[in-house]
1. Taking ARG72 as the residue in question, decide whether it is surrounded by fewer than 10 Cβ atoms within 10 Å (Cβ to Cβ) and within 14 Å of ALA9 (Cα to Cα).
2. Residues LYS32, LYS47, LYS2: which one is within 21 Å of the chain's Cα centre (by Cα) and of a type in the set (D, E, K, R)?
3. Would you say ALA43 is touching an Asp or Glu at 6+ places or on another chain (Cβ under 6 Å) and hydrophobic (A, V, I, L, M, F, W, C)?
4. So if I check each of ALA21, ALA14, which one is closer than 30 Å to LEU66 by Cα, small (Gly, Ala, Ser) and exposed (fewer than 10 other Cβ atoms within 10 Å of the Cβ)?
5. Could you please find all residues in the range 4-50 being part of a strand (DSSP E or B), touching a residue at least 24 places away in the same chain (Cβ under 8 Å) and of a type in the set (A, V, I, L, M)?
6. Within the range 24-56, can you find the residues that are touching a strand residue (DSSP E or B) at 6+ places or on another chain (Cβ under 8 Å) and surrounded by 13 or more Cβ atoms within 10 Å (Cβ to Cβ)?
7. Which pairs have Cβ atoms under 6 Å, sit 6 or more apart or on different chains, and link a residue in the range 51-67 that is more than 16 Å from LEU6 (Cβ to Cβ) to one that is not in a helix (DSSP H, G or I)?
8. Just to be sure before I move on: is GLY62 under 30 Å from ARG73 (Cβ atoms), at pLDDT 90 or above and not hydrophobic (A, V, I, L, M, F, W, C) in the structure I sent?
Amino acid sequence: MKSAVLIIALVLIAIGVVSLAYEGITYTTRDKILEVGPVRATAEKEKTIPLPPVLGGVALAGGLLLLVVAVRR
């Protein structure tokens, strides 16, 4: 049981650090603009899913709290 809590704590700490380091997840989509017979025109649009810093802080704090609890047991 102690090792499971320890692993969850380390994963939460890692997620928190990564979330604080990056501001969001960026991906690219292709949108069809024009299609006339064999002629096609597309546009690539870059979109970002923002990750709020509060999410990273909560994950980091929760991971640290679980780490303290796991070490004290």
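The values are calculated or read from the model by the stated rules, or taken from the named source; none is laboratory data. Just so you know, these numbers come straight off a predicted model, no measurement behind them. For neighbour counting, all protein chains shown are included, and Cβ atoms are generated from backbone atoms with ideal geometry for every residue, glycine included.
1. Working: surrounded by fewer than 10 Cβ atoms within 10 Å (Cβ to Cβ): yes; within 14 Å of ALA9 (Cα to Cα): yes.
Spelling it out, ARG72 is indeed surrounded by fewer than 10 Cβ atoms within 10 Å (Cβ to Cβ) and within 14 Å of ALA9 (Cα to Cα).
2. On the way: LYS32 fails: within 21 Å of the chain's Cα centre (by Cα); LYS2 fails: within 21 Å of the chain's Cα centre (by Cα).
The match here is LYS47.
3. yes
4. Working: ALA14 fails: exposed (fewer than 10 other Cβ atoms within 10 Å of the Cβ).
The match here is ALA21.
5. Initial filter on the range 4-50 (part of a strand (DSSP E or B)): 24-36, 39-50.
From what's left, touching a residue at least 24 places away in the same chain (Cβ under 8 Å): 24-25, 48-50.
Correct list: ILE25, ILE49.
6. At the first step, the residues of the range 24-56 found to be touching a strand residue (DSSP E or B) at 6+ places or on another chain (Cβ under 8 Å) are 24-35, 40-51.
Residue satisfying the conditions is LEU51 alone.
7. LEU51/GLY24
8. Values: under 30 Å from ARG73 (Cβ atoms): yes; at pLDDT 90 or above: yes; not hydrophobic (A, V, I, L, M, F, W, C): yes.
Considered against the rule, which asks whether it is under 30 Å from ARG73 (Cβ atoms), at pLDDT 90 or above and not hydrophobic (A, V, I, L, M, F, W, C), GLY62 comes out as yes.
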